[in-house]
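Structure first, commentary second.
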Amino acid sequence: MSATKRRSITKTHERIAQLGWDATYHDPVARYPTRYHIPAKSKDPMKQIMREYLPMELEKDDRVYGGHDAAVRAAMPEKVSERWLEVLKPFLCVTNYAEIGAGRCMSMLIDAIPSNELRNGYHVQYVDEVRHTGMQMALARWYTKHAPDPGGWNGLMSAMPRDIFTLGGMNFVNHFMVGDPIQCAFALQVVAETAFTNVAFVALPDVAARNGDFTLPTTYLSVQSDEARHISNGYATLLTVLQDDRNVPFIERDLQQAWWINHAFLDVFSAIVMEYFSRDRSDPESFLDKWDRWIRDDWYRSYICKLGGMGLTLDPTIFERARERIVKGMHHKIAMLAFATWPMHFWRFDGLDEKDFEWFERKYPGWYDEYGFFWEAFRELSDPKDRSLLLSGLMSDAPPFCWTCTMPSVIDEDICHRVVDDRTRFYCSRECRWMDESNPGRYTGDRNYFDRYHGMDIADVVQELGFVRPDGRTLTAQPHLRQDDKWTLDDLRAVGLTIESPNINTAKSMGLPSGDWSAAFKAGVNVATGRNGGPGPVKNASIDLPYPTAG
């Protein structure tokens, strides 16, 4: 019996172009309009073929789900650091939403790009994103069944928009699927998937393995193995719009803004997950080391800098500024706020100990002098009998939250503001202010988290958030990993802490118009105004605002 002759991938792929047709029977109306000028012809450099793709993915799925089963029989959940397991609750929550947003982006691109070659690539990526969503939710279910404390696992996606920091994850992911389709593609494919998945899906699983968790690396490295196709799709999209010189100013602006919104959330989130929730301290690299390796060297210097040869002029300042913020301790400062607000989250926290202090001091000399006081105090206030929260001493002086990225504005010299509709918007940086100014109508709604709870007792806030266990009184979050001494709503109420909005307080102290945007939203003043997109002129007063290089 003769072997079946293997079909040529190149010839098979060439047939894809023959499968489309022009809709001569009606005038098509773009469902997701773009301001970019899209050439009719483009190329998919990877020549993606479903016939080759599906058997490969089936084999990978068998390995992942088989790995989950093997981990149970090997009693792996009992060997994983509990501290590490807790932070996977928000981590899986955010990454799964990112997969959903990525799939949504593919639908937008299929509508916006006329090339059947690229549409085929987007279709394959869409199938990838569905696969990733299923794998990650299966992993969350696995942890729910086998982790020591299922509290929080059973309501990940419903908790996401109610938590201070996972809400920031939603905001960042929304840039994959809200706005101009090409702008969304840059945020997703060119920046998030090409740069940041190296940290979130490669470097972070390494930290997981060091903490005894081999199930997460099994799953996420399988996810990462698909990213080469997604990176190729992003590069093909970029090359397609680069064929028309009229797109150059759009590309330059959108790439810079895509970079910044990814940095504003992902650098903080990834750093805190890896550094503040790792029990193992054998990792020779700090987050800054990983950033330099995976993002600065492997992405910015190897990819973005070379785009200058294609006619793009990308100011290096915005990339350098991101690293400067990490050096200034951005994630260390925000980590303190995350731990101080522990009752308002849906996972447990574990205070740092001497071994952790030594590691941080080695990696970030001077760390203990600047931040050690907080972590010493956090350890001392974990018992509910003390009726004391660190947040009580921090609430009135907390920094305002950024209107654009929704993260705390912790670098004092970078904080800025502007007045819109007689209310004050604060920004963590001039870059975030630029993004709001140059995308009118995009950043709207009830965006300042604490505004909606200003003046409420913290116990009432936690109850409203629903971060309470099935008994109706024990908090989902805890400031320790002990099975006893768990905080309840009664303990919180005994503290007597009134929640205050840093944005309202800061505006008042500076003599500015009200910083309360929640009231405006409820009154219908600050509602969404529609998509930011549509075929438009090359010049536009808002989108042509230049990158702010100073102050």
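Throughout, read-outs are computed from the coordinates displayed, never taken from laboratory work. Given the structure is predicted, the values throughout are model-derived calculations rather than measurements. When we count neighbours, we look across all protein chains shown, and the Cβ atoms used for this are built from the backbone with ideal geometry, even at glycine.
Only Lys, Arg, Asp and Glu carry charge here, each on its Cβ (+1 for the first two, -1 for the last two); on that basis segment 43-386 has a dipole of about 460 debye about its Cα centre.
As a proxy for reagent exposure, R425, R281, R253 were ordered by neighbouring Cβ count within 10 angstrom, fewest first; the result is R281, R253, R425. Label-to-label distance for R63 and K306 is 2.7 nm, based on points extended 7 Å past Cα in the beta-carbon direction.
Karplus-based coupling profile of segment 146-159, in residue order and whole Hz: 10, 6, x, 10, x, x, x, 5, 7, x, 4, 6, 6, 7, with θ = phi - 60° in 6.51 cos²θ - 1.76 cosθ + 1.60 and x standing for Gly or Pro. Taking the 0 to 90 degree range and rounding to the nearest ten, how far is the long axis of helix 354-363 tilted relative to the main principal axis of the chain, both from C-alpha atoms? Compared with the principal axis, the helix lies near 50 degrees.
Karplus-derived 3J(HN,Hα) values for segment 400-411, using 6.51 cos²θ - 1.76 cosθ + 1.60 with θ = phi - 60°, are x, 8, 6, 5, 8, 8, 6, 8, x, 8, 9, 9 Hz; glycine and proline are entered as x.
Packing order of peptides 163-172, 208-217, 308-317, highest average first: 163-172, 208-217, 308-317 (average count of other Cβ atoms within 10 Å over each peptide's residues). Computed from backbone phi, the HN-Hα couplings of segment 296-307 come to 5, 7, 7, 10, 5, 6, 8, 10, 5, 4, 7, 5 Hz, rounded to whole numbers (Karplus: 6.51 cos²θ - 1.76 cosθ + 1.60, θ = phi - 60°; Gly and Pro given as x). Sorted on the mean count of surrounding Cβ atoms within 10 Å across their residues, most packed first, peptides 99-111, 133-145 read 99-111, 133-145. Principal axis extents of the C-alpha atoms in the chain (largest first, rounded to whole Å): 74, 66, 45. What's the center-to-center distance, using Cα atoms, between segment 360-402 and segment 417-439 in Å? Rounded to whole Å, the Cα centres lie 29 Å apart. Taking amide H positions as modeled 1.01 Å from N, with prolines and chain starts lacking one, the residues under 5 Å from L475 and 5 or more places away or on another chain are R469, W487, T488, L489.
Straightening the chain between A523 and D397 buys 42.6 nm, computed as 0.36 nm per residue apart minus the Cα-Cα spacing. Its DSSP H runs of at least 4 residues, each contributing -39,500 (n - 2.57), put the calculated 222 nm mean residue ellipticity of the chain at -14500 deg cm²/dmol, to the nearest 500.
Hey, which of these cross-link pairs are over 22 Å Cα-Cα: K89/K363; K43/K306; K333/K355? As for pairs spanning more than 22 Å Cα to Cα, those are K89/K363. Residues whose amide H comes within less than 5 Å of that of R423, counting only those at least five positions distant or on another chain, are absent (H built at 1.01 Å from N in the peptide plane).
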